[in-house]
Amino acid sequence: MAEGSGISTAKEAADHELVLAFGRLQGAANRLEYILGRALEEECGISHLMFEVLLILGRAGEPGLSMRAIAQEQVLTTGGATRLVDRMEAAGLAERTETPGDRRGRLVRLTALGEETAVRAAHLHVENIRRYFLAPIPADDRQRFAEDLRILSHSARDLLPRLP
């Protein structure tokens, strides 16, 4: 038992304000992921994870990114990133190219269809973010909330080990 936590029973653990707050954050994220991800699948034919990789590749631009960089950005194993990029390549959204100056290295970049899909999906996603993520929050609190999420995200990212 941690000193000062005030937890000595399962009921106290379940009702602890910090446990409840984190549970609400996780629950909201999971529900929003489902709602927004399902819309991307139905309207654009891509998973939310594919959309995130399209955005990562779009942000990187030319000549593209290594599989390792994609894996690190998405907290995936390199094998998981490879399987995802394989599916994206089969769908015509991404392509592997040679790394400039390294014939053995391969980079991943968007295809024209990948670019088009990223833009189409982003229009839908932004509208759904407004509807399901921002609209329930009072307008005066939205900017601070977004900044707090950025801080949390960067703090958690900085705690993760870097892939070799």
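The values are calculated or read from the model by the stated rules, or taken from the named source; none is laboratory data. These numbers were taken from a predicted model, which means no experiment stands behind them. In this analysis, Cβ positions are derived from the backbone assuming ideal geometry, glycine residues included, and neighbour counts consider all displayed protein chains. Keep in mind that these areas ignore ligands, DNA and RNA; they rest on the heavy atoms of the full protein, side chains included. Shrake-Rupley method; radii C 1.70, N 1.55, O 1.52, S 1.80 Å.
Data table
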| quantity | calculated |
| --- | --- |
| Surface share of carbon and sulfur [accessible, 1.4 angstrom probe, percent] for region 36-103 | 47 |
| Residue 94 long-range amide H proximity, modeled H, under 5 Å | 89, 111 |
| Global geometry of region 21-69, whether rounded, prolate or oblate, following the gyration tensor of its Cα atoms and the 1.5 cut on a/c | oblate |
| Prolate/oblate/rounded call for region 101-158, Cα gyration tensor, a/c under 1.5 rounded | oblate |
| Within region 18-97: Cβ-based charge dipole about Cα centre, in debye rounded to nearest 20 (Lys, Arg +1; Asp, Glu -1) | 300 |
| Dipole moment magnitude, nearest 20 debye, the chain about Cα centre, only Lys, Arg, Asp, Glu C-beta charged | 380 |
| Estimated dipole of region 88-164 in Debye, rounded to 20 [Cβ of Lys and Arg +1, of Asp and Glu -1, Cα centre] | 220 |
| Crossing angle, helix 78-90 versus the chain [Cα axis fit, 0-90 degrees, rounded to tens] | 50 |
| Gain on full stretching of the segment that runs from residue 135 to residue 120 - 0.36 nm per residue minus C-alpha separation | 3.2 nm |
| Among 116, 147, 17: highest mean-square fluctuation, GNM of the chain, C-alpha pairs under 10 Å | 17 |
| Whole-Å distance, taken between Cα centres, linking region 93-156 and region 13-87 | 9 |
| Overall form of region 59-164 per C-alpha gyration tensor (a/c, 1.5; a/b vs b/c) | oblate |
| Nearest 10 degrees, 0 to 90: helix 142-159 Cα axis against the chain principal axis | 70 |
| Residues with amide H under 5 Å from that of residue 99, placed H, sequence gap 5 or more | 105, 106, 107 |
| Point-to-point label distance, residue 26-residue 59, nm (Cα→Cβ direction, 7 Å offset) | 2.5 |
| Signed unit charges on C-beta, dipole axis of the chain, positive-most listed residue 91, 51, 18 | 91 |
| The chain, helix-only ellipticity at 222 nm - DSSP H runs n ≥ 4, -39,500 (n - 2.57), divided by all residues, nearest 500 | -20500 deg cm²/dmol |
| Probe 1.4 Å, accessible area per residue of the chain, Å² | 68 |
